[in-house]
Every structure is written in C-alpha cells, then in structure tokens.
1. Just checking: which of the strands (runs of 3 or more DSSP E) contained wholly in segment A:168-212 hold 1 or more residues that are free of Cβ contacts under 8 Å to residues at least 40 places away in the same chain?
2. What are the residues in segment A:52-63 that are within 8 Å of chain B (Cβ to nearest Cβ) and either in contact with a His (Cβ under 6 Å, 6 or more places away or on another chain) or open to solvent by less than 20 Å² (accessible area, probe 1.4 Å) (or both), if any?
3. It is to be established whether one or more residues within segment A:42-50 are surrounded by fewer than 19 Cβ atoms within 10 Å (Cβ to Cβ) and either in the same structural domain as A:TYR156 (by TED's automatic domain parsing) or at pLDDT 95 or above (or both).
4. Kindly indicate the residue of segment A:176-213 that is among the charged types (D, E, K, R) and open to solvent by 30 Å² or more (accessible area, probe 1.4 Å) and also farthest from A:ALA5 (Cα to Cα) among those meeting that condition.
5. Does segment B:178-187 contain at least one residue that is away from chain A (no Cβ under 12 Å), touching a helix residue (DSSP H, G or I) at 6+ places or on another chain (Cβ under 7 Å) and not basic (Lys, Arg)?
6. Which of the following residues is touching a strand residue (DSSP E or B) at 6+ places or on another chain (Cβ under 9 Å) and crowded, with 17+ Cβ neighbours inside 10 Å: B:ALA36, B:ALA66, B:ALA24, B:ALA5?
7. Determine whether B:SER97 is assigned to a helix (DSSP H, G or I) and either open to solvent by 10 Å² or more (accessible area, probe 1.4 Å) or within 14 Å of chain A (Cβ to nearest Cβ) (or both).
8. Please find, within segment A:77-94, the residue that is least open to solvent (accessible area, probe 1.4 Å) out of those that are out of contact with any helix residue (DSSP H, G or I) (no Cβ under 7 Å at 6 or more places or on another chain) and either hydrophobic (A, V, I, L, M, F, W, C) or in a loop (DSSP other than H, G, I, E, B) (or both).
Number of protein chains: 2
Amino acid sequence: MTVKAIVFDAYGTLFDIYSLAANAEALFPTYGKQLAEKWRDKQIDYTRLRTLSGHYKPFWDVTNDALVFVCKQLKLNLNDDDENTLMQAYLRLPGFSESSNVLQALNEKSIPLAILSNGNPTMLNAVVQAAGYEKHFQHLISVDSVQKFKTAPEAYQLVPDVLGLSPKEILFVSSNCWDACGASWFGFTTFWINRAHAPFEELGITPHYQGSSLRDVLALFQQS
Amino acid sequence: MTVKAIVFDAYGTLFDIYSLAANAEALFPTYGKQLAEKWRDKQIDYTRLRTLSGHYKPFWDVTNDALVFVCKQLKLNLNDDDENTLMQAYLRLPGFSESSNVLQALNEKSIPLAILSNGNPTMLNAVVQAAGYEKHFQHLISVDSVQKFKTAPEAYQLVPDVLGLSPKEILFVSSNCWDACGASWFGFTTFWINRAHAPFEELGITPHYQGSSLRDVLALFQQS
C-alpha cells in the first residue's frame, strides 16, 4: 500500500451531523429527524449551487441559510433563540463512537492525518477542539481558502498541496458517497464509510475501499 | 419592460416531470410519488456533481443513472422492461395544462421564444415534438454543447449567444427555484413559476417576477 497520509472529511465522517435530530426534536417535537435530514440535504445543495454559479459564501452562512429555508419549508417558526441553539450545536457535534480510538491508533502508527472540510476555519476548528481531536491532526484544511466547495477539483487540490504528496499517496476517507466519488475522480486513493448501508452512487466510479465505520480504515493499516 | 425574448426551462416548467409518478405507480404500487420525487432529486444531484467535478455525461444517461440508483435505494427490482418504460416516458412528458395556450398567445404577440434545457438534443427534441410544441420556438438550446449543466454560467451564456441579446433583455422562466436563482445570478431578467407554493430559496438573490403558472408570464406581457 502506497498510502503515506490519511485525510478525513469532517461532517458525517468524524462528526455525527444527524445527532442534530435530537437538538431539533427538543425544539420542534416530532420534526427532529426530518429537520436534521432536510437541513443537511439543503446545506449540500447550496454548496453545489454556489460553487457552480461562482457565488461562494462560508459554510457557516450556507448552513444557516439552509436551516432557515428548511424551517420555512416545514412551516416551523424558527425564532432567533432556536436558530442560535441549532447553529451553536454545529460547533459541538459529537464524534462517532469509534472516531477517537481510531484516530489515536492511527497516530500510534505514525501515519500523518489531516482533515479536508467544506467548513470554514472558525467552525471547523471549533468542532475539532470541542471533541478534543486537535491533537490527532497535522493539518485542518478548509475549502474556504479556494472559495469553492467539494467536489470542485480546486478544493481537493488543497490536500496534495498542503501535504506535499501526490493524490494517489493520500487516502481520502468520507462517509459521504458523493465526496468519496469526487475524491476518486480527483485521483485520491479513496475509502467510503458506508454507515447507513446505502447503495453506491451511480456515477461510474468506485472508491478503492469501503467499510461501515472508521474501524475499517484502521483495519486496512493493520493488515498491511 | 426591456425584454425582447423569453427563454423557458423545459422539465418542470413546460413539461410535468411529476406525471412520472403515475408511470412509476403502475410498475411499483404505493411507490409512485416517492420514486418520481427521488428520481428527480437524484437526477439534479448528479448534474451538479458531474459539472462540479468536470465529468459531464448527457442528461439522458444521468437520468437513467438516477433511476437505477433510486430503485436500489427504495429496494425496488427494476428489470430492463420497467427501466425502458420509465425512461421512454421521459420522451413523452405531458405539458402543463396551460403550456400550449400560453405559448400560442406569446407567439401571437411576436415575442421570440426559446428553451434552454439540461436535456441533450435527442431527448429535448423528442419531448417538444411529442407535445407538439416545436412550432412555438425559434431555438431549442441544450447545455450539451458546453458539456456543463445549469447553473454553470457557461450553460446560461448559450442563450445570449444564440439570441444575440444581452441577458437583461431575455426573460428566463423556470419553475425550479434554483434555476431561477442561477439565472438571476447570471444576469437574466427572471421569472419563477412557483407551482408548488414553496418558500423561496435562501440564496441571497430574488427573481424579478414570480407567479404560480405560465399564465402569469403571459399576464406580464398583457399589462405592458
């Protein structure tokens, strides 16, 4: 295996964005799961539309816009306090149960680790620090510096540039299948964490590896 | 009003894509509406991902890929006959009830009409001819010639190039709010047909006009 570093996506891969369903449920009983799912979908829609049209806005603002839209769509009255509560929850997303142990074990194998995220630096740093993960990573890389969201090649290019490695030498890990596909198109060695046992996207490209949790990434390095 | 021509989006604006729910329901009872909606969402997702990543594929193929994915997601067994039935239905989508009369009335006012569609020429020509609409349009413009889907500016740029007008002189009509937003960003005069009474997208831009059917576009020209 020629991999010399691992780069992780953040939201959904290391941090559980669907935990927001509980935060939302507390404010809008019976709507929690639906709100969290639609919020995520709309957030990603907006990143794509803004990048396609060349109208970048930081992920924090895009996330807030998506929340406002989805509450209007669901006819939920989002007051300023509710909005603030849900947005602040984005800064303290819990890691998945295995995240911390896997990162620690990879550190012990002296494999350089980084994050590439759509999140702008302020929100990305906050969520990493809140989880106590900053010690695990050599680099927290945000697409904010190129003002294009994934899956734009310019966003992925940040990783080889920062790490000084070729894309093939970098294992790109994401639980978002579209992100794993975009990363595969870009040229990374890729690992799709299929937490939800979803079918594979019909995009004509396949990640090099698949698993159901971050433990499967660790297993790859224990075998080699 | 400085508008000198009108360009319409095709799918969802002139042609009823959600009519496919009935075709799907006949094959997969109780799943029709859900399949049609998810099919459309996935189709649009794939156009954006492919354009962002620079991996264009004609809309016909993207539409077929999206159908295959959504059937896997819904655990529906899509055999070749079913797949063919649903794909062929895309070539004979019905117009909305007002489409034909509005186009005819605009023709009588001698306003040049065109279509700008994500659809590749073969499928776009087929659906326009099946509905008998070809006589209404001076140009059927497909993004296929630039190999980028909307909302890429290169896709919208085809319209001023073909019509020889500035974007502001062209009224861009779409029932897809994201399309109306992308067109507004591009610089067209824009009209959002809000058929579903949906909230407006939180993208920081507003179309110039809104209405609930194509009749409201006609009304604009009857007032002026």
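The values are calculated or read from the model by the stated rules, or taken from the named source; none is laboratory data. These figures come from a predicted structure and were not determined experimentally. For neighbour counting, all protein chains shown are included, and Cβ atoms are generated from backbone atoms with ideal geometry for every residue, glycine included. We work out accessible area using only protein heavy atoms, side chains counted, and drop any ligands, DNA or RNA first. Shrake-Rupley method; radii C 1.70, N 1.55, O 1.52, S 1.80 Å.
1. Per the criteria, A:189-193, A:209-211.
2. A:LEU52, A:SER53
3. no
4. This residue is A:GLU202.
5. No: segment B:178-187 contains no residue that is away from chain A (no Cβ under 12 Å), touching a helix residue (DSSP H, G or I) at 6+ places or on another chain (Cβ under 7 Å) and not basic (Lys, Arg).
6. None of the others qualify; the one that does is B:ALA5.
7. no
8. Once the filter is applied, the top-ranked residue is A:ASN79.
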